[in-house]
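**Student:** Encoded as structure tokens, here's the structure I'll be asking about.
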Amino acid sequence: MNTFSESLATAVGLIGSADPALWSIVGRSLAVSAVACLIGCAIGLVLGAWLGVLRFAGRGAVLVVLNTLLALPSVVVGLVVYLLLSRSGPLGFLGWLFSFQAMVLAQVVLVVPVVTALTRQVVEDADRSHGEQLASLGAGPWLRSLILAWDERFALLTVVITAFGRAISEVGAVMIVGGNIDGFTRVMTTAIALETSKGDLPLALGLGLVLLAVVLVLNALLSLLRRWRERSETAPLPWMPA
């Protein structure tokens, strides 16, 4: 296979014939990213909503660090998690290195800053518009953060989808901590890199097509959520007096 058209035809055939090797990698990749996104969003949504409402000394420094973490290279995350999980590391007793759990942990570290920063911005913008009214009704910071987060749930769903896209498209961290072991820790991005280097272009291209399809679905969901949010903006807020 030395031409793009031949590789593409074979790749489509692998996808259409439900090739076990290809779909095993796809399923593992989706599982790792889904679990990491679930954990990362559970942490990031709470932290982001809290930061969006609460004011405290040093908040500006915290936001600077948080925004810096958004640009944190995935290979650096992989290195740090690797050192933590290695036998001589503080979490070495878990025995997670080169495992599903290690890849999830690395992706959680990547996802949490994204979810926290985006959630904080969404909730803070909402707090500027409605925070004083909620405070006048007796809502404290924690209750305000919950109400505003619920009111901005469509925007926060966009944050969740963005986080999943960040996780599933990542390659550096999961390759370092997962080891790219066939049948155990090989996911779409790491398999594409490996198969391309080996010259198995049809499998690499097939995985690439599936990954592109996943990204396309995510962007379609984002578009639908934006339209849903635009339609809901005309509706009165549930906590506002008539």
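**Student:** Express the relative contact order of the range 77-118 as a whole percentage, based on alpha carbon pairs under 8 Å and six or more residues apart in sequence.
**Tutor:** Values: 25 pairs, mean separation 14.0, N = 42.
It rounds to 33 percent for the range 77-118.
**Student:** Let me ask something additional. Once the Cα atoms of helix 201-232 and of the chain are each reduced to a long axis, what angle between those two axes, in degrees from 0 to 90 to the nearest 10, is obtained?
**Tutor:** Approximately 20 degrees, to the nearest ten.
**Student:** Same structure, new question: Computing the accessible area with a 1.4 Å probe over protein heavy atoms, can you report the carbon and sulfur percentage for the range 14-62? Present the calculation step by step, with values, prior to reporting the outcome.
**Tutor:** Details: 1770 of 2200 Å².
Carbon with sulfur: 80 percent of the solvent-accessible area.
**Student:** Okay, next question. Rank these by accessible area, largest first, 1.4 Å probe: Leu66, Leu38. The partial results should precede the final answer.
**Tutor:** Numbers: Leu66 20, Leu38 125 Å².
Accessible-area ranking of Leu66, Leu38, largest first: Leu38, Leu66.
**Student:** Largest first, how would Val12, Val114 line up by accessible area (1.4 Å probe)? Before the final figure, lay out each step's value.
**Tutor:** Values: Val12 85, Val114 20 Å².
I get Val12, Val114, largest accessible area first.
**Student:** State in Å² the accessible area per residue of the range 137-232; use a 1.4 Å probe, count heavy atoms of protein chains only, and round to the nearest integer. Walk me through the intermediate numbers first.
**Tutor:** Details: 4740 Å² over 96 residues.
Here the per-residue accessible area is 49 Å².
**Student:** Let me ask something else. Report the dimensions of the range 118-165 along its three principal axes from the alpha-carbon atoms, largest first, rounded to Å.
**Tutor:** Dimensions of the range 118-165 along the principal axes of its Cα atoms: 39, 15, 14 Å.
**Student:** Using a 1.4 Å probe on the protein chains only, how many percent of the accessible area of the range 128-222 belongs to carbon and sulfur?
**Tutor:** Details: 3040 of 4380 Å².
Carbon-and-sulfur percentage of accessible area, whole number: 69.
**Student:** Would you mind classifying the range 79-217 by shape? Square roots of the alpha carbon gyration tensor eigenvalues, ordered a ≥ b ≥ c; an a/c under 1.5 is rounded, otherwise it is prolate if a/b is larger than b/c and oblate if not. Let's see the in-between values first.
**Tutor:** Working: a/c = 4.42, a/b = 1.84, b/c = 2.41.
Verdict is oblate for the range 79-217.
**Student:** Tell me the per residue accessible area of the range 1-110 using a 1.4 Å probe; a whole number in Å² is fine.
**Tutor:** Working: 5820 Å² over 110 residues.
In whole numbers, the range 1-110 has 53 Å² accessible per residue.
**Student:** Subtracting the Cα-Cα distance from 0.36 nm times the residue separation, let me have the gained length for Ala61 to Ile39 in nm, one decimal. It would help to have the intermediate numbers written out before the result.
**Tutor:** On the way: separation 22, 0.36 × 22 = 7.92 nm, distance 2.51 nm.
Once the chain is fully extended between Ala61 and Ile39, it gains 5.4 nm.
**Student:** Follow-up. When all C-alpha to C-alpha distances in the chain are sorted into bins of 10 Å, what percent of pairs does each bin hold, rounded to whole numbers?
**Tutor:** The percentages, shortest bin first, are 7, 26, 28, 21, 12, 5, 1.
**Student:** Please find, in a Gaussian network model of the chain (springs between Cα atoms separated by less than 10 Å), the residue of Ala155, Ala102, Ala193 whose mean-square fluctuation is greatest.
**Tutor:** Looking only at Ala155, Ala102, Ala193, the largest GNM fluctuation is found for Ala193.
**Student:** To continue, here is another question. As a test of the formula, what do you get for the chain when each DSSP H run with n ≥ 4 contributes -39,500 (n - 2.57) and the sum is divided by the residue count, at 222 nm and rounded to the nearest 500 deg cm²/dmol? Kindly include the intermediate steps, with their values, before the conclusion.
**Tutor:** On the way: 10 runs with 184 residues, N = 242.
After summing the helix terms and dividing by residue count, I get -26000 deg cm²/dmol.
**Student:** How far is helix 100-136 tilted, in degrees, relative to the longest principal axis of the Cα atoms in the chain, given as a value from 0 to 90 rounded to the nearest 10?
**Tutor:** Helix 100-136 sits at roughly 20 degrees to that axis.
**Student:** Taking only Cα atoms, what is the 0 to 90° angle, nearest 10, from helix 153-168's long axis to the longest principal axis of the chain?
**Tutor:** So the helix axis and the longest Cα principal axis differ by about 20 degrees.
**Student:** Report the relative contact order of the chain, percent, no decimals, based on alpha-carbon pairs under 8 angstrom and at least 6 residues apart.
**Tutor:** Numbers: 295 pairs, mean separation 73.7, N = 242.
Worked out over the chain, it gives 30 percent.
The values are calculated or read from the model by the stated rules, or taken from the named source; none is laboratory data. Bear in mind the structure is a predicted one, so any value in this text is a computation, not a measurement. The protein model used for the area step is the full one, side chains on, heavy atoms only, and it has no ligands, DNA or RNA in it. Shrake-Rupley method; radii C 1.70, N 1.55, O 1.52, S 1.80 Å.
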